Each structure stands twice: as C-alpha cells, then as structure tokens.
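Heads up, the thing below is written out as structure tokens.
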C-alpha cells in the first residue's frame, strides 16, 4: 500500500461554554494565532456540539459562541488567513462522528479520564454524548485530514484516541486514508493555573472570580487580580530549579514568559532576586498592555453580532469545500451507496 502524503493542515477548537479566560488565551488561542502564519491551512472551531454534552441554555449558547468567535478574532485570528467556524454549521463533523462511533471501542472510551472527571460519581446520569464525545473530537480533526493540532497537556489523551481511531479505520478497511495527527504542545503556559491556588487549573467554573483573568476584564480588574494573586514570601529564583515546590511562583512566571514571548530561563535571568511586591506590578503592566486591546476589540465585535454570524457562515462554506469530499470518500470506503456524481 502506497503511503499517502497529507497536506499540512492545523485544526483546533474550544467549547463555547462561556467565560473565556487567560488560560484559554495563553494555552490555546495565542498559539492558534502563531500557527496560522506557519501552516498553509488552519481551521479554528467553536465546538458547540461538544458544548451540549452537558445542558446549555440556548440563548446563552448563542451568546457564548459569538463571544468565543469575537475572542478568536480580537486575539489575532484573521478570517482572511484561517477558516473560522462553529461546529454545527459543518454537518460532516457529526456525520463522520457516527462512523467513528462504530470504529472506536467501548473500552477506549471507558479509559478517558476527562469523562470520569466530568461525570463524577453519578456517571449513569451523564449524557451518552459526554461518554462518546471523544469520537466526535476525532471526527472534528480527521474530517479535515488535519496533520497538527495545538492542544494543552490535558488534551493529549484525546489526540492519542484520535490516532487510535485513524489507525483502526485504516487497518480495518485496508487504506491509508486518515493521517496520524500530531499534537503540538509548546510554550511556557500551556496549562495556566488558578491565581488563588497554583495547584489547580485556571477555570471559568471556579466560584472565585479572583482565581482567573477573564478575557472581558478591563485594565483595572486585570491589574487588581494580579496584584492580589497568591504568591509566597521568598524572593524569585534566578534558575528554573528554584521554582520547584513553589506552584504559585511558577504559575506567575510562566504567565509572564508566555505573554512576553520569552523562555522561563530568560524571565528568571531578569527578575531573579526580586520580591513579588516588585514583580507583580511588572506582570500587571504586561498583562494590561497585552489583554486590554483584546477585551476592547471583543466588546466592539459583540456590538455587531450579525457581522460575527457572517464570518462564521463564510467559514462554514470554506470548511465544507474540504470536509464534504473527505466524508464522501469515507462513505465510499465504508460501502455506503450514494448517487453517482
């Protein structure tokens, strides 16, 4: 069997479940912006079908989808350079997702740690969609023959499952049709932690608003949250080793490094020996300079939701030029009867 060469293509998505945070920006969106200039084709998605695996108020879901799209655009993702979509406007995602439901094995799904975390102790009350959504995630990626997916550390297991599904499909049908997608995990802040507890991931679901920086926060709020962020009494070290067993210090240094496009080593070379009373104002100034223009542009975009809808509709048309032929070829491979074209 001849090995297929796949065109380099990036795909990634974020759930529009409300409350875009600094963690989303540094852990994902900032890298999306960079990658749109490094790869010939990039597709970025508001995965609204994934969002409804748990109950979403319909009006809130519409608002959150538009707000996430606004966050993408305001952060620098250009609709002229990248394809921007919400998942439900491209039906091939769900159609390929069903094929992959029939490829994936129950045991694979039962091992997914994120389902265990989200379903909790009462897993029998969780939706079937929540249990099976990794197969839809694989379809999101493979319906574009995406070769690279920028992800955080917590999504590595899903990429491994995507590769397993692609390999099993290719093996079962004797083809080399779906690529072995590679995860892209890089940067100083691929996993941004809470400003109140450096051992926990920054989350929009945390009851304390002070635990996170929201991408809609204004300059004063951003600065106040950073000044009040949990730290410790020791001076900052000059080497990375000195951050061991200091989760809050490590988190704030990682955030600074990511926003300044520096390595942690470079940051520590500049701030080693400083107390947090001196470092936090530096971090606050940097965060305000980087994030305030984004929150301002998000507000401007959200004042004209029809324009956001137009961008997403255009993106869906562009996306389907890629996805429709891949889905139809998949149907041919599987043996589905369809009209001759």
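The values are calculated or read from the model by the stated rules, or taken from the named source; none is laboratory data. Since this is a predicted model, take the numbers as computed values, not measurements. Note that each Cβ is placed from the backbone with ideal geometry, even for glycine, and that neighbours are counted across all protein chains shown.
Do the conditions hold for residue 315, that is, is it in contact with a strand residue (DSSP E or B) (Cβ under 6 Å, 6 or more places away or on another chain), assigned to a helix (DSSP H, G or I) and either more than 30 Å from residue 172 (Cβ to Cβ) or not assigned by TED's automatic domain parsing to the domain that holds residue 101 (or both)? In short, yes. Among the residues making up segment 78-103, a single one is touching a helix residue (DSSP H, G or I) at 6+ places or on another chain (Cβ under 7 Å), surrounded by fewer than 22 Cβ atoms within 10 Å (Cβ to Cβ) and closer than 20 Å to residue 25 by Cα: 79.
Is segment 67-79 home to any residue that is at pLDDT 95 or above, closer than 22 Å to residue 324 by Cβ and assigned by TED's automatic domain parsing to the domain that holds residue 321? Checking segment 67-79: at least one residue is at pLDDT 95 or above, closer than 22 Å to residue 324 by Cβ and assigned by TED's automatic domain parsing to the domain that holds residue 321.
Quick check on residue 7: is it over 21 Å from residue 327 (Cα atoms), surrounded by fewer than 16 Cβ atoms within 10 Å (Cβ to Cβ) and at pLDDT below 90? Lay out the reasoning, then the answer.
On the way: over 21 Å from residue 327 (Cα atoms): no; surrounded by fewer than 16 Cβ atoms within 10 Å (Cβ to Cβ): yes; at pLDDT below 90: yes.
No; evaluated as a whole, the condition is false for this residue.
Between 136, 128, which is in contact with a helix residue (DSSP H, G or I) (Cβ under 6 Å, 6 or more places away or on another chain) and farther than 14 Å from residue 10 by Cα? Only one candidate passes the filter, namely 136. Of all residue pairs spaced 6 or more apart or on separate chains, those with beta-carbon atoms under 7 Å, a first member in segment 278-289 that is without any contact (Cβ under 8 Å) to a residue 40 or more places away in the chain and a second member that is buried (at least 19 other Cβ atoms within 10 Å of the Cβ) and in a helix (DSSP H, G or I) are 286/256; 286/259. Among the candidates 21, 4, the residue that is touching a residue at least 60 places away in the same chain (Cβ under 8 Å) and not assigned by TED's automatic domain parsing to the domain that holds residue 136 is uniquely 4.
Per the listing 333, 322, the residue uniquely assigned to a helix (DSSP H, G or I) and within 23 Å of the chain's Cα centre (by Cα) is 322. Going by the structure shown, is residue 96 over 17 Å from residue 46 (Cβ atoms), assigned by TED's automatic domain parsing to the domain that holds residue 322 and modelled with pLDDT under 90? For residue 96, the condition - over 17 Å from residue 46 (Cβ atoms), assigned by TED's automatic domain parsing to the domain that holds residue 322 and modelled with pLDDT under 90 - is not met.
Is it fair to say residue 117 is surrounded by fewer than 14 Cβ atoms within 10 Å (Cβ to Cβ) and in a helix (DSSP H, G or I)? Walk me through it before giving the result.
On the way: surrounded by fewer than 14 Cβ atoms within 10 Å (Cβ to Cβ): yes; in a helix (DSSP H, G or I): yes.
When the stated conditions are applied, residue 117 passes them.
Checked against the criterion of being touching a residue at least 12 places away in the same chain (Cβ under 8 Å), surrounded by fewer than 17 Cβ atoms within 10 Å (Cβ to Cβ) and in a loop (DSSP other than H, G, I, E, B), the candidates 172, 197, 217 yield just one match: 197. Considered as a group, the residues in segment 253-273 that are more than 22 Å from the chain's Cα centre (by Cα) and outside any helix (DSSP H, G or I) include one that is surrounded by the most Cβ atoms within 10 Å (Cβ to Cβ), and that residue is 272.
Quick check: anything in segment 54-61 touching a strand residue (DSSP E or B) at 6+ places or on another chain (Cβ under 9 Å) and either surrounded by 23 or more Cβ atoms within 10 Å (Cβ to Cβ) or free of Cβ contacts under 8 Å to residues at least 40 places away in the same chain (or both)?
Taking every residue of segment 54-61 in turn, none turns out to be touching a strand residue (DSSP E or B) at 6+ places or on another chain (Cβ under 9 Å) and either surrounded by 23 or more Cβ atoms within 10 Å (Cβ to Cβ) or free of Cβ contacts under 8 Å to residues at least 40 places away in the same chain (or both).
Tell me, yes or no, whether segment 115-124 has at least one residue that is over 24 Å from residue 200 (Cα atoms) and assigned by TED's automatic domain parsing to the domain that holds residue 164. Taking every residue of segment 115-124 in turn, at least one turns out to be over 24 Å from residue 200 (Cα atoms) and assigned by TED's automatic domain parsing to the domain that holds residue 164. Screening residue 309 with (1) exposed (fewer than 15 other Cβ atoms within 10 Å of the Cβ); (2) part of a helix (DSSP H, G or I) gives one miss only, at (1).
Within segment 214-247, the set of residues being over 12 Å from residue 280 (Cα atoms) and under 25 Å from the mean Cα position of the chain (by Cα) comprises 214, 215, 216, 217, 218, 219, 221, 247.
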